[in-house]
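Chemist: Just dropping this structure here.
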Amino acid sequence: MLHQISYTKVDATAPVHDATAPVHDATAPVHDATAPVDDATAPVDDATAPGVAPGPARRALDVLAAAAGLLLLSPVLVLLALAVKLSSPGPVLFRQARVGQGFSVFTIFKFRTMRTGWDGPEFTPAGDSRITRVGRLLRHSGLDELPQLLNVLRGEMTLVGPRPETPSLARRYPDDCHEVFAHRPGLTGPAQIRLRDKEVLSVEGSDLEQRYLGELVRQRAALDLQYLAHPTLGRTLAIMVDTAVYIVRPLTERLTGLLRIDRRDPADRSARA
């Protein structure tokens, strides 16, 4: 009899053990629910970041080109930094929040080209009075973008992609242009070469922001999405070559102009003197 009572007590505990099983299972979804939070906080990791990351070949090109560029161009970067520092009061680097891959936010680096403490639109129209003399040269040649090689190396940007936009402007993009924010922004891109603010927008006009968001943004998105539909390594390299030509052309034109002045007829030069 005592044996049966003891046996019954052992059986009675079994349901208690089983009843705890659902409690253990119920905690599993709580653990799973944390995964998206972890992914959303990893804008740099290609494996977990939201949106569309560059393929392995493009990412390898990003790392190699950014590392080589920072190393080989370090003397140029130092000289440009000194020029910016001496041109006007303020920091050498301009830091600003920009929208990255999958609407994540990162800090972009550029050489400062504007005077500090001046208000104005978040884009740069032609003839913008905020730009310094050195800054105008840097913007004209595209050299102000060179510090973004660090963003590329860190995986926040890629060599070729859409324009890295500010969060406030990105929120006001037309709905049919939001697709560009799924992709990693680029140091350069087809739209950044062909449609630059200073070449398309003029300070004259009633509403610059409306023209920027309603016209220029749509044109840029169309160009960028054409590339992003098939971002092959060959097309990426071709855009990088176009970018190099865009940077070098102003320098060669200026040098050619100086040579033409030097080759004038000596009599003409003496008469002008």
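The values are calculated or read from the model by the stated rules, or taken from the named source; none is laboratory data. Small disclaimer: the values here were computed from a predicted structure and weren't measured. Backbone-built Cβ (ideal geometry, glycine too); neighbour counts: all protein chains shown.
Chemist: Kindly indicate which of LEU138, LEU86 is part of a helix (DSSP H, G or I), modelled with pLDDT under 95 and either under 25 Å from ARG249 (Cβ atoms) or touching a Lys or Arg at 6+ places or on another chain (Cβ under 6 Å) (or both).
Modeler: Testing whether each residue is part of a helix (DSSP H, G or I), modelled with pLDDT under 95 and either under 25 Å from ARG249 (Cβ atoms) or touching a Lys or Arg at 6+ places or on another chain (Cβ under 6 Å) (or both) leaves just LEU138.
Chemist: Going through LEU237, LEU216, LEU225, LEU169 one at a time, which residue ends up being at pLDDT 85 or above, farther than 17 Å from VAL99 by Cβ and part of a helix (DSSP H, G or I)? Write out each step before concluding.
Modeler: Numbers: LEU216 fails: farther than 17 Å from VAL99 by Cβ; LEU225 fails: farther than 17 Å from VAL99 by Cβ; LEU169 fails: farther than 17 Å from VAL99 by Cβ.
LEU237 is the lone residue from the list that is at pLDDT 85 or above, farther than 17 Å from VAL99 by Cβ and part of a helix (DSSP H, G or I).
Chemist: Here's something else I'd like to know. Among THR243, THR256, THR232, which is the only one that is farther than 20 Å from GLY161 by Cα, at pLDDT 65 or above and of a type in the set (S, T, N, Q)?
Modeler: On inspection, the qualifying residue turns out to be THR256.
Chemist: Limited to the stretch 206-237, what total is found for residues that are among the polar types (S, T, N, Q) and in contact (Cβ under 8 Å) with a residue 60 or more places away in the chain? Outline the logic, then answer.
Modeler: Quick first cut of the stretch 206-237, residues among the polar types (S, T, N, Q) only: 206, 210, 219, 226, 232, 236.
Then drop every residue that is not in contact (Cβ under 8 Å) with a residue 60 or more places away in the chain, which leaves 236.
The total comes to 1.
Chemist: Within the stretch 88-106, restricting attention to residues that are of a type in the set (Val, Ile, Thr) and either under 15 Å from GLY51 (Cα atoms) or touching a residue at least 24 places away in the same chain (Cβ under 8 Å) (or both), which residue is surrounded by the most Cβ atoms within 10 Å (Cβ to Cβ)?
Modeler: Of all residues in the stretch 88-106, those of a type in the set (Val, Ile, Thr) come to 92, 99, 105.
If we keep only those that are either under 15 Å from GLY51 (Cα atoms) or touching a residue at least 24 places away in the same chain (Cβ under 8 Å) (or both) too, we end up with 99, 105.
Details: VAL99: 24, VAL105: 13.
Once the filter is applied, the top-ranked residue is VAL99.
Chemist: If you don't mind, another one. Given the structure, is ASP45 modelled with pLDDT under 50, in contact with a Pro (Cβ under 8 Å, 6 or more places away or on another chain) and acidic (Asp, Glu)?
Modeler: no
Chemist: Also, I was wondering about something else. Among the residues of the stretch 141-166, what is the count of those that are in contact with a Phe, Trp or Tyr (Cβ under 6 Å, 6 or more places away or on another chain) and at pLDDT below 95?
Modeler: Residues that pass the stated criteria total 1.
Chemist: Give me the residue from the stretch 152-182 that is surrounded by fewer than 23 Cβ atoms within 10 Å (Cβ to Cβ) and of a type in the set (S, T, N, Q) and, out of that set, nearest to the chain's Cα centre (by Cα).
Modeler: For the stretch 152-182, the residue satisfying everything is THR166.
Chemist: So, in the stretch 66-83, how many residues would count as being out of contact with any helix residue (DSSP H, G or I) (no Cβ under 9 Å at 6 or more places or on another chain) and either surrounded by 15 or more Cβ atoms within 10 Å (Cβ to Cβ) or modelled with pLDDT under 95 (or both)?
Modeler: 1
Chemist: Here is a check on your reading of the model: is VAL63 more than 26 Å from PRO162 (Cα to Cα), among the β-branched types (Val, Ile, Thr) and at pLDDT 95 or above?
Modeler: Details: more than 26 Å from PRO162 (Cα to Cα): no; among the β-branched types (Val, Ile, Thr): yes; at pLDDT 95 or above: yes.
Considered against the rule, which asks whether it is more than 26 Å from PRO162 (Cα to Cα), among the β-branched types (Val, Ile, Thr) and at pLDDT 95 or above, VAL63 comes out as no.
Chemist: Residue by residue through the stretch 153-178, note down the ones that are touching a Lys or Arg at 6+ places or on another chain (Cβ under 7 Å) and hydrophobic (A, V, I, L, M, F, W, C).
Modeler: Here is the first cut: in the stretch 153-178, the residues touching a Lys or Arg at 6+ places or on another chain (Cβ under 7 Å) are 157-158, 161, 163-166, 174, 177.
Within the stretch 153-178, MET157, CYS177 qualify.
Chemist: With the checklist (1) modelled with pLDDT under 85; (2) in contact with a Cys (Cβ under 8 Å, 6 or more places away or on another chain); (3) of a type outside the set (S, T, N, Q) in hand, flag the one item ALA267 doesn't pass.
Modeler: Every condition holds for ALA267 apart from (2).
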